[in-house]
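This report concerns only the one structure given below.
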There are 2 protein chains.
Amino acid sequence: MTLAEVRALARRVLRGVGLDRMHAEVVAETMVAGERDGCASHGIYRLLVAARSVAAKIVVPDAVPDVKEPAAALVAVDGGGGFAQLAFEMGKPLLIEKARRFGIAAMAVNNVVHFAALWPEVEALAEQGLAAIAVTPSHAWVAPAGGTRPVFGTNPIAFGWPRPGHEPFVFDFATSAVARGEIELHRRAGRAVPEDWGYDRTGQPTTDAAAVLDGAMRTFGGHKGSALAAMVELLAGPLIGDLTSAESLARDAGRGGSPIGGELIIAIDPAGFLGAGVAASLARAEALFEAIEGQGARLPSQRRYAARARSLSEGVVVPTALHAEIMDLVGGSERI
Amino acid sequence: MTLAEVRALARRVLRGVGLDRMHAEVVAETMVAGERDGCASHGIYRLLVAARSVAAKIVVPDAVPDVKEPAAALVAVDGGGGFAQLAFEMGKPLLIEKARRFGIAAMAVNNVVHFAALWPEVEALAEQGLAAIAVTPSHAWVAPAGGTRPVFGTNPIAFGWPRPGHEPFVFDFATSAVARGEIELHRRAGRAVPEDWGYDRTGQPTTDAAAVLDGAMRTFGGHKGSALAAMVELLAGPLIGDLTSAESLARDAGRGGSPIGGELIIAIDPAGFLGAGVAASLARAEALFEAIEGQGARLPSQRRYAARARSLSEGVVVPTALHAEIMDLVGGSERI
């Protein structure tokens, strides 16, 4: 499929399952970005997730985000229980404007349902010339270092950095040892997971994927990853008056829905500190990237950008079974 | 020694080796904090480091920091080549004022010599009711994930969170696999280091501590720690017009001095997002801490605070040999 076809399919299906037009358009874009960048798990596979969220009334399909300015350099968007994407998009122009005016600004996206990666958001800000950090809790699935019972979510941290003439430097990773979906894939395949991925319900290390899903995952990087996971909870939970991962899971009440709650995005304008020295200083950042790539190490976003270049010229491959499953969402055999 | 005696000793020695009075006072405070919190490596042992920095002209002993406001929510302090502590202290009131006025603010501390931990700084901001993040590069000693040659510094990340009625939640960790001092201790003791700490000069994994010091350390947490190390370089280097770790090491030119360059501190006022809801929201953060401690896991700052409580009542123990070495800095056998 071409990316235009992916976009049309995603929009039509999202509209078909009952999502309001504005939401359908921006949610479709994140799925197009996932397919385009070779992240199949964040591509149109997520149509199934979005459809379930609407059907189970986990998400408000026609929520109207409300953009507020709680302080001069802060933006807060109440997403009204809708998907996070539209709330982010509606607050983004004001976040960018404030970052440029004050040098730094932050945006809270509150009361939204999350199922997408954070990298499209920090990449969009970096494309505007800003450095950006984004964090969000999820559901309480991850044990703190030194413990065995879930407290944290998979709590991703994303960062974007502007590179004039290049795609931005972007990373986005879970502070859990692995993505939860990775454990789910092991469970489906009947494969054992490494012993350092998690614990069973009794707090014992286990290689049984199902037992980890029922017990607790570990953080990456021991006590350091655990500290970062706590930071994410605090910054995108209590700091912005929104749910921690434990509160999100409690709110879900066993429905198995996507995490509900908030997200914090910090944007910094390099011109704020550097004034006319921006170009010279950004060039020094390029020397850092060269020192990494020059020894054969990859930049975090490199694989995604390579996939993007391929997708833009060659389109993407959607597995037949997935396509059929998606078509079922909007009435079976109809050709889309 | 009581902490008052540690303070008097540190001030007298710092003055004795030629540091200006204002610098001596604030630098002494970070050493008192290190001794008090059981962090001997950041205690008065650092008097030896500071004295060498002055003697080798790595630091400007009477630098007068210059506090500027490059943008409405930004503070930039040019430390004039002095130790970082005075520059931070002189900019701190304005950073706090801006964070409260705009909801978020950031401070660049430029052109300073770093030898201290970052936790005293984020703790001081958290005690003012702010959430704070601090990052700084160091010298290029650490290889990126997928590489074996040094690019990054040990690049610490520190975070502070206000807890009304408690000491703040604080962490401060290197994004390298271990502290460089830990490898140095192994070298002195003739002990092998674990194979995942670093590489020798030819890029081979090694258990020889001296070879790692001469080669490259690894980041913690694989590609995730490596991504964070890059973020620290960018935020506290090019973003604020200051040196990367590679540039700092080049500037040192083999003198073996402390890292030179910048530091970025971000401060966020919870009241900015929460208004009158601050108390209720900070109480939700306490539930997170209870969920961690309730299962026997430690909060990152817990050990430090326990040591602090002991030191405040019982004083601290300074090894005789260290005390003698410190006394030698200011004229041998004189009783202090």
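Observations, loosely collected:
- Flag for B:Thr148 being farther than 18 Å from B:Ser226 by Cβ and in a loop (DSSP other than H, G, I, E, B): no
- Subset of the stretch B:21-70 [of a type in the set (Asp, Glu) and over 24 Å from B:Ser248 (Cα atoms)]: B:Glu25, B:Glu29, B:Glu35, B:Asp37, B:Glu69
- Restricting attention to the stretch A:151-176, the residues that are of a type outside the set (S, T, N, Q), more than 9 Å from chain B (Cβ to nearest Cβ) and assigned to a loop (DSSP other than H, G, I, E, B) total 9.
- Contacts under 6 angstrom Cβ, first residue in the stretch A:45-61 being touching a residue at least 60 places away in the same chain (Cβ under 8 Å), partner part of a loop (DSSP other than H, G, I, E, B) and of a type in the set (Val, Ile, Thr), 6 or more apart: A:Ala51/A:Val17; A:Ser53/A:Val59
- Sole exception among (1) at positive phi; (2) surrounded by fewer than 23 Cβ atoms within 10 Å (Cβ to Cβ) for A:Gly261, by number: (2)
- Taking the conditions (1) more than 30 Å from A:Arg46 (Cβ to Cβ); (2) in contact with a Ser or Thr (Cβ under 9 Å, 6 or more places away or on another chain); (3) more than 10 Å from every other protein chain (Cβ to nearest Cβ) in turn, A:Ala276 satisfies each one other than (2).
- Residue pairs meeting the criteria (Cβ under 9 Å; at least 6 apart or on separate chains; first outside the structural domain of B:Pro162 (by TED's automatic domain parsing), in the stretch B:100-125; second surrounded by 24 or more Cβ atoms within 10 Å (Cβ to Cβ) and charged (D, E, K, R)): none
- Checking A:Asp196 against (1) modelled with pLDDT of 95 or more; (2) closer than 29 Å to B:Phe289 by Cα; (3) assigned to a loop (DSSP other than H, G, I, E, B), the condition it does not meet: (1)
- Residue in the stretch B:309-316 that is within 26 Å of the chain's Cα centre (by Cα), at positive phi and not assigned by TED's automatic domain parsing to the domain that holds B:Gly237 present: yes
- Contact map, the stretch B:216-241: residues that are closer than 27 Å to B:Ala76 by Cα paired with residues that are part of a loop (DSSP other than H, G, I, E, B) and charged (D, E, K, R), Cβ distance under 7 Å, separation 6+ or inter-chain. Pairs shown: B:Ala236/B:Asp242.
- Check on A:Ser281, within 28 Å of A:Arg180 (Cα to Cα) and polar (S, T, N, Q): no
- So B:Ala108, is it closer than 30 Å to A:Glu69 by Cβ and under 15 Å from the mean Cα position of the chain (by Cα): yes
- Close pairs (9 angstrom Cβ cut-off, 6 or more residues apart or separate chains): over 30 Å from A:Gly153 (Cβ atoms) in the stretch A:260-281, in a loop (DSSP other than H, G, I, E, B) and aliphatic (A, V, I, L, M) anywhere: A:Pro270/A:Leu130; A:Gly272/B:Ala72; A:Gly272/B:Ala73
- For the stretch A:37-51, a tally of residues being part of a loop (DSSP other than H, G, I, E, B) and closer than 14 Å to A:Pro319 by Cα returns 5.
- Each residue in the stretch B:217-226 was checked for being assigned to a loop (DSSP other than H, G, I, E, B) and either at the interface with another protein chain (Cβ under 8 Å from one of its Cβ atoms) or within 23 Å of A:Leu274 (Cβ to Cβ) (or both), and 2 of them qualify.
- Of the listed requirements (1) outside the structural domain of A:Gly261 (by TED's automatic domain parsing); (2) of a type in the set (A, V, I, L, M, F, W, C); (3) within 15 Å of A:Gly241 (Cα to Cα), A:Val49 misses just one: (3).
- For the stretch A:199-215, the set of residues classified as part of a strand (DSSP E or B) and either more than 13 Å from every other protein chain (Cβ to nearest Cβ) or free of Cβ contacts under 8 Å to residues at least 12 places away in the same chain (or both) consists of A:Pro205 only.
- Matching entry among B:Lys68, B:Lys57 (being more than 17 Å from the chain's Cα centre (by Cα) and more than 30 Å from B:Glu182 (Cα to Cα)): B:Lys68
- Condition met for B:Gly262 (within 26 Å of the chain's Cα centre (by Cα) and within 14 Å of chain A (Cβ to nearest Cβ)): yes
- Answer from A:Gly190, A:Gly165, A:Gly203 - the residue that is on the phi > 0 side of the Ramachandran plot, surrounded by fewer than 22 Cβ atoms within 10 Å (Cβ to Cβ) and in the same structural domain as A:Ser281 (by TED's automatic domain parsing): A:Gly165
Rundown of residues vs (1) in contact with a Gly (Cβ under 7 Å, 6 or more places away or on another chain); (2) surrounded by 24 or more Cβ atoms within 10 Å (Cβ to Cβ), yes/no style:
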residue: B:Ser245; (1), (2): yes, yes
residue: B:Ala250; (1), (2): no, no
residue: B:Gly256; (1), (2): no, no
residue: B:Gly277; (1), (2): yes, no
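- Top-ranked residue in the stretch B:285-305 [being in contact with a Gly (Cβ under 7 Å, 6 or more places away or on another chain) and within 8 Å of another protein chain (Cβ to nearest Cβ); ranked as surrounded by the most Cβ atoms within 10 Å (Cβ to Cβ)]: B:Ile292
The values are calculated or read from the model by the stated rules, or taken from the named source; none is laboratory data. Note that the structure is a prediction, hence the values are computed from the model and not measured. Cβ atoms come from the backbone with ideal geometry, glycine included; neighbour counts cover every protein chain shown.
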